[in-house]
Each structure stands twice: as structure tokens, then as C-alpha cells.
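As C-alpha cells, the structure follows; a few thoughts come after it.
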Amino acid sequence: MELHKLTIHELRDLLKKREVSAVDATRKVLERIDSVDDTIQAFITVDHNKALKQAEEADKLLQSGEGGELCGVPLSIKDVLCTKGIRTTCGSRILETFVPPYDATVVDKLNKSGAVTVGKVAMDEFAMGSTSENCAYRIPKNPWNPEYISGGSSGGSAASVAADECIASLGTDTGGSIRQPASHCGVVGMKPTYGRVSRYGLVAFASSLDQIGPITKDVRDCALLMNVISGYDPKDSTSVKRDVPDYSAALSKGLKGLKIGIPKEYFIQGLDAEVEKAVFNGIDILKEAGAETVEISLPHNDYCVAVYYMIAPAEASSNLARYDGVKYGYRDSSGESLQEMYRNTRSKGFGDEVKRRIVIGTYALSSGYYDAYYKKASQVRTLITEDFSKAYEKCDVIVSPVTPTPAWPIGEKIDDPLSMYLSDILTISANLAGIPGMSVPCGFSSKGLPIGLQFQAAHFQEEKLITTAFNLEQHLDLSPKRPEGL
Ligand code: GLN
């Protein structure tokens with residue numbers, strides 16, 4: 001049986017019935033990585049021995065009828081999440097040798113549930129980018145066509161799921177980095193509400209925007225992973241004390257009476273005609289299934305790219321000050337003085353995009369400019385958040401494309417940061433407002449590349465996203481579900 005091709009819920013059922021073992025499943029996934037990752041380049045680190053050891057432990061638990069929902073399920077993890085004893089590079093040379101002494105809370109929760117970590121996956125350096133081309137080690141390829149980007153910054157997560165190199169993955173989303181690669185790779189991705197999932201052990205990019213979330217083969221798996229990773233954590237002061245619902249229960253709800261908002265500002269100039277068609281086809285399917293549509297407006301959406309590219313670099317410049325060659329990570333000792341050590345370490349350790357953001361962020365925060373840039377951006381951020389509050393008085397879920405175009409060829413935009421930043425226009429406002437968003441496959445371009453549809457909901461309304469996405473998935477016959485010929 002091709003165990004690596006299964007979803008979490010399919011594999012879990014077989015594991016629970018003891019028709020297959022966790023070791024079998026893990027071996028199959030590791031073999032898959034060995035056979036396709038030379039092409040896909042999703043993994044920075046694969047630890048065969050550790051994975052098989054975890055699988056053996058999972059089998060013992062399964063044998064005794066214990067073990068959580070993920071017991072024995074092989075997962076990949078974005079390399080920005082701390083994993084005790086497994087190197088965590090953040091896609092950066094500056095952390096090339098960093099082996100965390102602790103697990104991120106989400107990793108701890110996966111472990112407690114019995115999941116198996118097969119490896120750490122590639123990403124844009126410190127999660128800054130939209131294509132994963134800013135990774136210092138390798139560029140994960142789109143499994144539907146390896147000449148194309150897998151998206152970013154969680155490109156390795158999405159590519160590893162789409163190429164069946166794992167059963168599911170965890171990514172992070174600061175401005176779209178879960179939803180956008182999920183969309184480009186034809187898989188499901190969710191960015192939860194800010195505060196829903198603990199960020200403890202997530203290496204910070206922009207602390208007020210970062211969230212961890214699932215990237216999965218279907219919506220049912222997304223709900224399953226949300227059940228495991230959500231919840232209050234005393235180690236993260238921004239995590240919210242609020243009960244975690246059973247997200248899987250949202251799967252069985254219908255769409256009758258659900259109001260879907262269509263924001264006129266999201267169907268922008270430059271939106272690819274094939275993307276628009278696939279999204280409206282998805283909307284028609286939801287209407288047939290009982291949902292109503294209403295037109296809504298998010299009037300400050302025009303400012304979201306400018307606001308995000310002020311706030312995110314500002315926070316990043318502060319967060320990245322800790323990489324100075326003193327405490328951990330790479331150190332360049334070729335200079336004579338402490339100043340030279342700092343300069344050489346950071347010059348050699350960071351890549352171009354990270355340096356660009358540090359320069360922008362430091363400038364925006366510097367005295368004399370703070371009011372004009374950072375403070376102004378924070379004020380407009382509030383207006384963007386208020387737009388959403390007003391919109392959710394009229395609708396339950398907002399629907400839109402995830403990205404203005406399908407994936408593009410590797411290299412096409414790497415020298416044009418502005419056009420790269422503009423490609424985030426449909427995803428970043430959810431992070432600015434802290435609301436949850438989800439990406440679900442809804443079609444293919446004429447080049448055979450996946451197209452995703454985005455749902456956004458009010459704070460802590462992830463269940464509505466799951467209900468809507470699951471109904472779409474059930475009624476939409478997308479074939480093939482996974483890329484063929486790998
Ligand atoms: N593409 C956006 C950026 O470059 C978002 C990245 C993210 O969500 N981590 O900042």
C-alpha cells in the first residue's frame with residue numbers, strides 16, 4: 001500500500017486497527033523522501049533514526065490502545081519551529097548549527113499526541129519571502145511542476161505535503177506564508193486567529209503577526225491538527241485563554257443560512273482571469289450548497305501592503321538583533337574587534353532579503369521617523385481591523401482568491417522585491433487584523449498549476465472556515481488531487 005499518499009485520518013484508522021504499523025508508515029514516508037526529494041528539495045534536515053525511534057514508541061502506545069489522534073503519523077515541520085535535539089536553521093546560515101535545547105509548544109503537543117517528525121522543511125530565511133527562494137540552503141520546488149515556485153515562506157511544508165513526502169505539515173504565517181504556498185501546491189492551509197496557537201518556540205519574525213498553522217491534504221486533516229495544536233499556553237503571553245472547540249465537529253455542519261461576503265476590493269486589477277474564474281466557480285458551488293452571498297467592502301485594503309511592509313520589517317529588525325555571534329549560531333572571528341565580529345557575523349550570516357528588511361525596519365523605528373512611518377502604519381492597521389469588524393456584521397465568511405496569480409517560474413520575481421511584495425496583497429490583511437484565514441484548492445490553471453480559494457472569518461471563528469471549506473471540498477471534484485508522475 002502507498003502509505004505515504006494517505007491523509008492523517010486515513011492512516012490513523014489503519015494504525016488504530018493495527019492493519020499497519022507506525023514503523024511501516026514512517027519507512028514508506030522516508031523512502032518517498034529518498035526517492036523524490038532530490039527533485040522537490042523540500043527538506044533541510046531528515047533524521048531517519050530519530051523518526052524510526054519515534055515510530056517504534058508510537059507502535060507501543062498503539063498496541064496498548066493509548067496514544068493521541070496523531071499517534072504514528074509522520075509529519076514534516078517548518079524549520080522555524082524549535083525541535084529539541086534537531087537542528088533548526090530558519091533557512092538561514094546564521095543558524096546553520098543551531099540545535100535547540102527545547103521543543104516549541106506545538107512540537108511538544110505533536111509529540112504528546114504520538115506524531116512522528118520525519119524532518120525539518122525549507123523556507124524563506126526567517127520566513128521573509130513569498131517563494132522560498134530566500135532559503136540559504138535549497139529552493140523547494142512546486143510538485144506540480146518543479147520549474148515553478150512552491151510559494152513561501154512555508155514552501156517546504158506545502159511542497160512536502162503535495163509530494164506525499166509526509167502526511168501533513170506545520171507552517172507559519174506572518175503575511176500569508178501558510179495560505180499562499182498551500183494555494184500554489186494544491187493543498188489545504190490554515191492561519192488561525194492570533195493567540196489561538198502558542199508561539200512559544202517559534203523563532204520570531206514579526207511577533208504581532210506570526211501564527212503557526214496546519215498544511216494538510218484535506219480539510220478533515222486541518223481540523224484534526226487544529227484540535228491538537230490550539231489552546232492557551234502560559235509560556236506565550238499573547239496566547240488566549242479560551243476553550244478549544246472540537247474543530248472536527250464543524251465538518252458535519254451545512255451551509256444553510258451562512259452568509260459569504262465578496263469584497264469588491266479583492267477582485268483587483270491584475271487578478272489573473274483563470275484565478276477569478278476558479279474562485280467564482282467555487283462561490284457558485286457554495287451557493288448551490290445553501291450559502292448566500294453579499295457584497296462587502298474593505299475600504300482600507302489598498303494600504304495593507306504598505307502598512308505590512310512597515311510593521312513587519314520594524315518588528316523583524318528588533319527580533320533579529322539577537323543574532324550577533326555572541327550567544328548562539330554562526331560567528332565570524334576574522335576581525336580584530338568586537339564591532340568587526342558583529343559586522344562580519346551579520347554580513348555573512350544573513351541573506352539579502354533579511355538585510356533589506358533590517359534596514360527598512362531600523363529606519364522606520366529610528367527617532368525622527370517613527371511617527372511618520374511606524375506610528376502611522378499602526379494607526380492604519382487599526383482602520384484595516386475595523387473594516388473587518390464592520391464586514392462581519394454583514395457576513396460570516398469572506399471569500400476571495402489567495403493570490404492574484406498561480407505560481408510563477410523560479411527566478412521570475414527574485415530581483416524585483418516590489419512586485420514580490422505586491423503578490424501578498426490578498427493575504428496580509430488577515431495578519432494585520434489577527435483574524436483566521438484558510439486556503440483550499442479550487443481549480444487548476446491552463447498550465448496545470450493549482451489555484452486556491454481563501455476564506456477569512458472573524459476572530460476565533462475557525463469553525464466557520466472549516467465548515468465552508470469542507471462543503472466546498474465535498475462538492476468540488478478536483479482531479480488529480482496530487483501531482484502525478486513524481
Ligand atoms: N510574503 C510575506 C513576507 O515576505 C509574508 C511572509 C510570511 O507570512 N512569513 O513577509
Condition check for SER92: within 14 Å of the ligand (Cβ to nearest atom), under 17 Å from the mean Cα position of the chain (by Cα) and of a type outside the set (A, V, I, L, M): no
Could you check, for the range 222-241, whether at least one of its residues is within 15 Å of the ligand (Cβ to nearest atom), crowded, with 24+ Cβ neighbours inside 10 Å and either at negative phi or among the aromatic types (Phe, Trp, Tyr) (or both)? no
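In the range 348-355, is there at least one residue being in contact with a Cys (Cβ under 9 Å, 6 or more places away or on another chain) and surrounded by 16 or more Cβ atoms within 10 Å (Cβ to Cβ)?
Within the range 348-355, one or more residues are in contact with a Cys (Cβ under 9 Å, 6 or more places away or on another chain) and surrounded by 16 or more Cβ atoms within 10 Å (Cβ to Cβ).
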One residue is enough: does the range 375-386 have a residue meeting the conditions under 19 Å from GLY254 (Cα atoms), among the charged types (D, E, K, R) and not in a loop (DSSP other than H, G, I, E, B)? no
State whether the residues of the range 276-292 include one that is within 16 Å of the ligand (Cβ to nearest atom), under 24 Å from the mean Cα position of the chain (by Cα) and either assigned to a helix (DSSP H, G or I) or of a type outside the set (Ser, Thr, Tyr) (or both). no
Over the range 79-98, the set of residues in a loop (DSSP other than H, G, I, E, B) and touching a Ser or Thr at 6+ places or on another chain (Cβ under 7 Å) is ASP79, VAL80, CYS82, ARG87, GLU96, PHE98
Yes/no for SER446 being within 16 Å of the ligand (Cβ to nearest atom), more than 18 Å from the chain's Cα centre (by Cα) and hydroxyl-bearing (Ser, Thr, Tyr): no
If we keep just the residues of the range 150-205 that are near the ligand (Cβ under 9 Å from one of its atoms) and hydrophobic (A, V, I, L, M, F, W, C), which is surrounded by the most Cβ atoms within 10 Å (Cβ to Cβ)? ILE178
Return the total of residues in the range 418-438 being within 12 Å of the ligand (Cβ to nearest atom), under 24 Å from ASP221 (Cβ atoms) and not in a loop (DSSP other than H, G, I, E, B). 3
Given the conditions (1) surrounded by 24 or more Cβ atoms within 10 Å (Cβ to Cβ); (2) among the polar types (S, T, N, Q); (3) more than 16 Å from the ligand (Cβ to nearest atom), report the number of the one that SER113 does not fulfil. (1)
When restricted to THR385, THR345, the only residue more than 15 Å from the ligand (Cβ to nearest atom), modelled with pLDDT of 95 or more, among the polar types (S, T, N, Q) and crowded, with 21+ Cβ neighbours inside 10 Å is THR345
Given the conditions (1) in a helix (DSSP H, G or I); (2) surrounded by 16 or more Cβ atoms within 10 Å (Cβ to Cβ); (3) not basic (Lys, Arg), every one holds for PRO406 apart from (1)
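Please verify whether the range 321-329 includes one or more residues that are in a helix (DSSP H, G or I) and either at pLDDT 95 or above or surrounded by fewer than 19 Cβ atoms within 10 Å (Cβ to Cβ) (or both).
yes
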Since LEU338 meets every condition but one in (1) more than 16 Å from the ligand (Cβ to nearest atom); (2) closer than 30 Å to THR403 by Cβ, which condition does it not meet? (2)
For the range 315-342, pairs from a residue that is free of Cβ contacts under 8 Å to residues at least 60 places away in the same chain to a residue that is aromatic (Phe, Trp, Tyr) and assigned to a helix (DSSP H, G or I), with Cβ under 8 Å and 6 or more apart or across chains, are ASP324/TYR342; GLY325/TYR342
Which of (1) more than 30 Å from GLY186 (Cβ to Cβ); (2) more than 23 Å from the chain's Cα centre (by Cα); (3) in contact (Cβ under 8 Å) with a residue 60 or more places away in the chain is the odd one out, the single condition CYS395 does not satisfy? (1)
Any chance the range 56-67 includes a residue that's outside any loop (DSSP other than H, G, I, E, B) and within 16 Å of the ligand (Cβ to nearest atom)? no
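The values are calculated or read from the model by the stated rules, or taken from the named source; none is laboratory data. The shown structure was predicted, so the numbers you read here are calculated from the model rather than taken from an experiment. Reconstructed Cβ throughout: ideal geometry from the backbone, glycine too, with neighbour counts over all protein chains shown.
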